[in-house]
Amino acid sequence: MTTDLAFPALHRVHPRGWLNDPNGILRSADGRWHVYFQFNPHSARHEKIHWGHMSSPDMVTWRQEPLGPVPRPGEADQDGCWSGVGLMDGDTPTLVYSGVDGTENQFSRVIVARTDPSAAELIDPGRVVAEIPEVEGLIGVRDPFLFEHDGRRWAVQGAGVCEGDGFVATLLLYDAEDLEDWRLVGTLLHGDDPAAQEHAPADLWECPQLVKVGERWVLLLSLWRHRENGDEGPVQVNHLVGDMITADDGTPRFIPTGGGRAELGPDFYAPQAVAEGGRALLWGWAWEEAERTQEQTDAQGWAGTLTSPRVLRLHGDTLLMDPAPELAVLRGDPLEPRETGLQLPAPYRAEVRVTGPAHVVLRRVDGEEQELLAAQGPATILLDGGLLEVLEQESTAATRRFHPRSGDIVLVRGQVDAAWELRRP
């Protein structure tokens, strides 16, 4: 295992390689959690993406598993296996993902692959179930997500279209009752919807995630910008709160009534949400901080991590995230705060509960200080190497990546109520 002080050892079990979007999260018939993610095992760059794979009996102790889908020469995924989801089709763990062939990777095909019952290995390496759709003005399509409505299975893909003088995000809707043969039937939501325009403006919506949170539906959208509107690529994650209805033609429609930012941190994108046991769980991708150069990342040998699993809840239209209660097992010895807060030396693994305003500060060995994140409080602060998560009780969460050096100290200044070292049980 790497000795890099920034390495989030409680989150990553793959010591080398590039990691981004969480994908294919499911719980197999034996109760074990399986989390896949976009992964390049060969370098710290986004190239020839595979699906990395780790599993856990408890969402706390993770082990590295054999790879999931991998690029296959001559197939629709020969240049990469991009984002998608997982589900149990009967007793068979099934992976649904975007395959790109290197011709024009903004346009992907949907591929379905299946594993053995333990999800240890692929038994069906994947087949195309939805071709690139013939939609006028389409600028990109990817990231399938499956859901149920009125007892039937449906799917969406994130997309964007050129309309008039600009671009409009949209969610293409498929009848996916037959997992082997998807039928495009329209749209679940179009970006010209007033609530969508206000709360999730984008040129293309990536990684759509649609889950029930309490009595409402929450649609998570990763906002993507076309190169004609600035730097091409991901921007941030927003959410819409609304209701599902059945249209006259029998297809579902999502009717948003509000929304906002899903996360305020600078290093959070492409979350995946999973309904489980009456709750909605979420993992996100925490990318390398913006100041990090490619040369530094290459030398580091690894890039990216997943956040802690979080439980979603709503307060009005505000999406709140709590640490999954399973994480309490990670608590070790209690930490005693001083009057002004808490001082955390390397390796920076701690859970801190604050009752009021607090500031998380990185103090370099030369005395220079950098504020990483602030908490309004009450909040739970989770720290694992260079991964910082602030989960507020009454406001929006935030995630930050940072890269400490030998001798640096993390300070939590404010109203600390309780704190613990975090370690593997």
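The values are calculated or read from the model by the stated rules, or taken from the named source; none is laboratory data. The shown structure was predicted, so the numbers you read here are calculated from the model rather than taken from an experiment. Cβ atoms come from the backbone with ideal geometry, glycine included; neighbour counts cover every protein chain shown. The area values use the complete protein model at the heavy-atom level, side chains included, leaving out ligands, DNA and RNA. Shrake-Rupley method; radii C 1.70, N 1.55, O 1.52, S 1.80 Å.
Taking 0.36 nm per residue of separation and subtracting the current Cα-Cα distance, fully stretching the chain between E421 and I255 would add 55.4 nm.
Summarising the label geometry, the points placed 7 Å from Cα in the beta-carbon direction at N229 and D178 lie 3.6 nm from one another. The mean of 1/r over all distinct Cα pairs in the stretch 1-156, once inverted, gives the Kirkwood hydrodynamic radius of 16.2 Å.
Note on L5 and E394: with the Förster distance fixed at 30 Å, the Cβ-Cβ geometry gives a FRET efficiency of about 0.40.
Test of understanding: what is the full-extension gain from N105 to A247, defined as 0.36 nm times their sequence separation minus their Cα-Cα distance?
Details: separation 142, 0.36 × 142 = 51.12 nm, distance 3.27 nm.
Net length gain for the segment: 47.9 nm.
For the residues T251, T355, a 1.4 Å probe over the protein chains yields an accessible-area ranking, largest first, of T355, T251.
Shown here for the stretch 325-420: GluC sites (Glu not before Pro) in loop regions (DSSP other than H, G, I, E, B) with at most 12 other Cβ atoms within 10 Å, namely E339, E368, E394. The alpha carbons of the stretch 92-186 stretch over 50, 37, 16 Å along the principal axes, in descending order. Taking every alpha-carbon pair in the stretch 173-257 and binning the separations at 10 Å intervals from zero gives 16, 43, 32, 8, 0 percent.
At q = 0.11, 0.23 Å⁻¹, what log₁₀ I(q)/I(0) does a Debye calculation on the Cα points of the stretch 237-310 give, no solvent, two decimals? Log10 I(q)/I(0), no solvent term: -0.46, -1.11.
Size of the dipole of the chain about the Cα centre, Lys and Arg at +1 and Asp and Glu at -1 on the beta carbon, nothing else charged, in debye to 20?
Roughly 1380 debye, rounded to the nearest 20.
Local charge for W154 was computed over the other residues whose Cβ lies under 10 Å away, with Lys and Arg +1 and Asp and Glu -1, and equals -2.
Would you mind working out the magnitude of the charge dipole of the stretch 125-236 relative to its Cα centre, with +1 at each Lys and Arg C-beta and -1 at each Asp and Glu C-beta, to the nearest 20 Debye? Spell out each step's value before the answer.
Numbers: 9 positive and 22 negative charges, 79 e Å.
Using Cβ point charges on Lys, Arg, Asp and Glu, the stretch 125-236 gives about 380 debye.
If the viscosity is 0.890 mPa s and the temperature 25 °C, what Stokes-Einstein diffusion coefficient in µm²/s follows for the stretch 218-280 when Rh is the Kirkwood radius over Cα pairs? After rounding, the answer is 177 µm²/s.
Restricted to Cα atoms, the stretch 63-136 shows a radius of gyration and a Dmax of 12.7, 45 angstrom. Projected label points at A328 and A299, each 7 Å from Cα along the beta carbon direction, are separated by 4.4 nanometres. In the context of the full set of protein chains, the stretch 174-223 has a per residue accessible area of 37 Å² (1.4 Å probe). Considering only S118, Q272, T251, and ranking their Cα positions along the charge dipole of the chain that arises from unit charges at the beta-carbon of Lys, Arg, Asp and Glu, the one farthest toward the positive end is S118. Accessible surface of the chain, 1.4 Å probe: 46 percent of it comes from carbon and sulfur atoms.
For the stretch 24-63, the share of alpha carbon pairs falling in successive 10 Å distance bins from zero is 31, 41, 25, 3 percent.
A P(r) calculated from all alpha carbon pairs of the stretch 307-425, with 5 Å bins opening at zero, reads 2, 12, 23, 25, 21, 11, 4, 1, 0, 0 percent.
Residues considered: D193, D248, D322. Largest GNM mean-square fluctuation over the chain, using C-alpha springs under 10 Å, is found at D248. Across the stretch 130-284, Cα-Cα pairs farther apart than 25 Å form 24% of the total. Computed over the chain with a Gaussian network model linking Cα atoms closer than 10 Å, the most mobile of G242, G74, G341 is G74. For the stretch 315-365, the fraction of C-alpha pairs more than 19 angstrom apart is 45%. Between V129 and V110, I111, V112, the built amide H atoms are under 5 Å apart, and every one of these is 5 or more places off in sequence or on another chain. What the Kirkwood sum gives for the chain is a hydrodynamic radius of 21.9 Å, with every pair of different alpha carbons counted.
The H on the amide N of L264, modeled in the peptide plane, is under 5 Å from the matching H of A397, A398, T399, each at least 5 residues off or on a different chain.
FRET efficiency for the pair E163 and H46, taken as 1/(1 + (r/R0)^6) with r the Cβ-Cβ distance and R0 = 25 Å, rounds to 0.30.
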